[in-house]
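Data block below; observations after.
The values are calculated or read from the model by the stated rules, or taken from the named source; none is laboratory data. Keep in mind that this is a model prediction, so the values were computed, not measured. Cβ placement follows ideal geometry from the backbone for every residue including glycine, while neighbour counts extend to all protein chains displayed. Remember, those area values only see protein heavy atoms, side chains included, never the ligands or the DNA or RNA. Shrake-Rupley method; radii C 1.70, N 1.55, O 1.52, S 1.80 Å.
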Amino acid sequence: MAKIHTQMLFAALKKLKNAFTDLLPIILVIAFFQLVVLRQPLPQLGEIIFGTILVIIGLSLFVQGLEMGLFPIGEAMAHALARKGSIFWLLSFSFALGFSTTVAEPALIAVSQEAAEIASQGNLINPDEVSEKRYALGLRLSVAFSVGMAILVGVLRILRGWPLHYLIIGGYMIVMLLTSIAPKEIIGIAYDAGGVTTSTITVPLVTALGVGLASIIKGRNPLVDGFGLIAFASLMPIIFVIGYGLIIFK
């Protein structure tokens, strides 16, 4: 029992060390500019140190949770659905996974609310709370639906063996064409929406789904075919949000 506890302690310390190593460049950059360029002591140094310790602990626990929970469940569900042999349920799960993980993404909620406030101040929508909430919700649903479709297309690509670069290049050609006719008020939001969708939950689950599928389907290489789903999750929201802007802003 004591040996097990010792092993667990060493494993926890190793995770903390790895998390500290990952955060060290950020700490050094902030310290350099604060002490060398600005030449000022760090304000509230005690709180900053305590907060940094909490971040290191939280990051190590988060990475451990990914390894223990999200990656295995993503691969396990991919294997189970592939063995079931039903493309309908596999694609349904892919869409639902992308939609559900994105619609509750905090970064997307924050960006949608900020976009609604700015649109209201610019008289692009009615300056009232109901219109702002409706606009923000429509933006969130557009992005979530687009991510669901993106994961669906990515899984279909793995099943059919379609070349990734053809789909990505074709997708960005569509983005360029839509950008030329899109209202200028929506272009920046649309391009930002492609970034906020790659959340801390979506990325590991979707990556595990892709790798799991590619590893169980005959003729597929997990390294070649298992990755690339996140690229679709960053591309599709741009297209759908521009479409949303074309509808909202006429």
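Of all residues in region 138-152, those that are under 17 Å from residue 190 (Cβ atoms) and open to solvent by 10 Å² or more (accessible area, probe 1.4 Å) total 6. Return the residue satisfying two criteria in turn: it lies in region 41-98 and is of a type in the set (D, E, K, R) and either open to solvent by less than 80 Å² (accessible area, probe 1.4 Å) or within 22 Å of residue 31 (Cα to Cα) (or both), and of such residues it is farthest from the chain's Cα centre (by Cα). Applying the filter and picking the extreme gives 47. A search for C-beta distances below 8 Å between a residue of region 168-180 that is free of Cβ contacts under 8 Å to residues at least 40 places away in the same chain and any residue that is open to solvent by less than 100 Å² (accessible area, probe 1.4 Å) and in a helix (DSSP H, G or I), counting only pairs 6+ apart in sequence or on different chains, returns nothing. Within region 18-28, identify whether any single residue is exposed (fewer than 13 other Cβ atoms within 10 Å of the Cβ), of a type outside the set (A, V, I, L, M) and assigned to a helix (DSSP H, G or I), and answer yes or no. Yes, region 18-28 contains at least one residue that is exposed (fewer than 13 other Cβ atoms within 10 Å of the Cβ), of a type outside the set (A, V, I, L, M) and assigned to a helix (DSSP H, G or I). Summed over region 223-244, the residues that are in a helix (DSSP H, G or I) and open to solvent by 20 Å² or more (accessible area, probe 1.4 Å) give a count of 11. When you scan region 159-173, do you find a residue that is more than 23 Å from the chain's Cα centre (by Cα), part of a helix (DSSP H, G or I) and not acidic (Asp, Glu), even just one? Yes, some residue in region 159-173 is more than 23 Å from the chain's Cα centre (by Cα), part of a helix (DSSP H, G or I) and not acidic (Asp, Glu).
Determine whether residue 67 is out of contact with any strand residue (DSSP E or B) (no Cβ under 6 Å at 6 or more places or on another chain), modelled with pLDDT of 80 or more, part of a helix (DSSP H, G or I) and of a type in the set (D, E, K, R). So residue 67 fails the test.
Take the conditions (1) farther than 19 Å from residue 96 by Cβ; (2) of a type outside the set (Gly, Ala, Ser); (3) assigned to a helix (DSSP H, G or I); residue 220 misses just one of them, which is (3).
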